[in-house]
Structures are given as C-alpha cells and as structure tokens.
Amino acid sequence: MLQAIAWITFLEGLRNKAVYGITLLAGLMMTFTVALSSMIMRDVGKVATDFTLSSATFAALLVVLFVGVTILARDMERKTIYLALSRAVPRARYLLGRFCGLCLLQAAIMLLLLLASLATLLLVRQLYPSFFGTVSLGLVGLAHLFVLLQMWLLTALSMLFSLVASSSFVTFLLTTLTWLIGSSTQEVKQLIEASSPEQIAPVVKGLVWLAYYLFPNFALFDLKATAAHGLAISGQSIFFTLLYGTGYSVAILSLAVVVFKHKELA
C-alpha cells in the first residue's frame, strides 16, 4: 500500500503544471549561464558553476514550495484523505507514502537538473577552455545530491507544518521562513562570533544561538564554492552531512507521524 501511495503521489506531481513551468525556468536559467559566461572572461568556470548550482537549488526549492507543500495540505482541505483512511490505510503508511512519492519526484527532477548543469558546464568549457579554471564536475554531481537531500528534509518539515497549520498558505509561509532562516543562521552565527562582545546585545546572541540549533543548517549542504574552486572535501565531511540530513529527516517524519496519529480530522 505504501508503494501504491508513493507512486500515485509521483504521478500527481508529474501532472502538476507547476513542475513543467519550473523545469522550463531552470532550462532558461541554464541557457542564460552560457550567455553570461561570454560577458565574463575571467573565472568563467567558477561563475558558471555557481550559477548552475544556484539555478538547480532554486528550481528544487520551487518544487517543494509549489508541489510538496500543497499536496498534503490539499488532501486535508478537500477531505480527499478520507478516501484512503476509509480503506483501513494506517495513517503512518499514508504519510510516509506521500513523502516517498514526493522524494521520488524530486529525485527525477534533480537528475534532469544535474544533466542540464553538466551539459551547460561542458559547453562553457568547450567555448572558453582557457578561462574555465579548476571546476570539479564530480563535486558538481555531489552538490546536486546534497541539494536533493536538503529538499527532502524541507519536504519532511513542510508535511509536519501541514498537520499543524490551518491552511496551505500558512504551511507555505512556515516552509519558506524555515528555508530562509536555516540557510542564513550559520553565517550570522559566525559574524557574531567574530564581533566583539560589547557590539552584540545578549538577547540577540541568544536568539541567534536558538535559531542555529533549532532550525536545520541548510548551509551545511551548500557545495557551490567547493565545486567551483575544485577544493578537496573529506569523506568524513560527506558522511557527516549525509548522516545529519538523514537523521534530521527521520526525526521530523517521526514527529509528523505522531502528530498525524493524534490529529482529529473534522
């Protein structure tokens, strides 16, 4: 039953017009990367890598916000969830099936984005070999995997928000705020640590530390600079990031299952 729900969710996502719009937008951004490279005749590879990875991240985020956020919230609002639950489908299995289907959809889209990114970078390298630099295509692939992992984590959070929020708009807002905060807390924390103690109020420090440990650290998954400069990354760092993303997602999904089991469906 879990596999059936996951597959239905995947097909629903493929039929969503937003997916095609987002894919088209990502393709246009990749095309713009080639045009942008012709205007910058220094560090072309770094600029192209940064832009392609940013485009892939942005497109994947839009998929979460406009497909992943709405699918469970729509089930709750339209009461279609009763159809599945009336057939003795356990709530936990229904929730996990929806999550797995969304993960499968995001993985398929991320594969397309990876192929588009690699094709774009190879074209730029072919056009400007003397200015391409030391970009690592292997790290570009790893960076896309990390983007996918953080989107799975954000999807788990959006499903939790769908169960506690009053509408899909509130879920959308909470998911967006979580992404923005989780992507910036590490830089803000480093900035505060580098400042003198008298420059930052204790209350501000406390709020930053609370946000840093409460929200997921999405900056941990950002490999744009590493891939663009061809920097080495240790296996320990890769393992820790994979463990962090997987562990956080499992914890959030477990909490969502508990909330869903005790939620009264009006």
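The values are calculated or read from the model by the stated rules, or taken from the named source; none is laboratory data. The structure displayed is predicted, hence computed values, not measured ones. Backbone-built Cβ (ideal geometry, glycine too); neighbour counts: all protein chains shown.
For V204, indicate whether it is surrounded by 15 or more Cβ atoms within 10 Å (Cβ to Cβ) and either assigned to a helix (DSSP H, G or I) or touching a strand residue (DSSP E or B) at 6+ places or on another chain (Cβ under 7 Å) (or both). Answer is no for this residue. Just one residue in the set L61, L83, L72, L115 is under 30 Å from S254 (Cα atoms) and modelled with pLDDT of 90 or more; that residue is L61. Here S166 clears all of (1) more than 30 Å from V140 (Cβ to Cβ); (2) assigned to a helix (DSSP H, G or I) except the condition numbered (2).
Quick one: which of L157, L163 is within 17 Å of the chain's Cα centre (by Cα) and of a type outside the set (D, E)?
L157
Would you check if there is a residue in the stretch 61-78 being within 30 Å of L118 (Cα to Cα), of a type in the set (K, R) and out of contact with any Lys or Arg (no Cβ under 7 Å at 6 or more places or on another chain)? Among the residues of the stretch 61-78, not one is within 30 Å of L118 (Cα to Cα), of a type in the set (K, R) and out of contact with any Lys or Arg (no Cβ under 7 Å at 6 or more places or on another chain), which makes the answer no.
Scanning the stretch 1-33 for residues that are closer than 24 Å to L53 by Cα and surrounded by fewer than 16 Cβ atoms within 10 Å (Cβ to Cβ) turns up L14, K17, A18, Y20, G21, L24, L25, L28, T31, F32.
Would you pick out the residues in the stretch 68-116 that are buried (at least 22 other Cβ atoms within 10 Å of the Cβ), among the hydrophobic types (A, V, I, L, M, F, W, C) and within 13 Å of L154 (Cα to Cα)? Passing the criteria: V69, F99, L102.
Determine whether S130 is modelled with pLDDT under 90, of a type in the set (S, T, Y) and farther than 16 Å from L253 by Cα. The answer is yes for S130.
Look through the stretch 166-177, keep the residues that are modelled with pLDDT of 85 or more and surrounded by fewer than 19 Cβ atoms within 10 Å (Cβ to Cβ), and return whichever of them is nearest to the chain's Cα centre (by Cα). So that I can check it myself, show each step before the final result.
Taking the stretch 166-177 as the starting set, the residues that turn out to be modelled with pLDDT of 85 or more are 169-177.
Those still in the list that are surrounded by fewer than 19 Cβ atoms within 10 Å (Cβ to Cβ) too: 169-170, 173-174, 176-177.
On the way: F169: 19, V170: 19, L173: 15, L174: 14, T176: 11, L177: 13 Å.
Of everything passing the filter in the stretch 166-177, T176 is nearest to the chain's Cα centre (by Cα).
The residue that is surrounded by the most Cβ atoms within 10 Å (Cβ to Cβ), counting only those in the stretch 209-263 that are among the basic types (K, R) and assigned to a helix (DSSP H, G or I), is K224. Within the stretch 132-148, the set of residues being within 13 Å of K224 (Cβ to Cβ) and assigned to a loop (DSSP other than H, G, I, E, B) comprises V135, S136.
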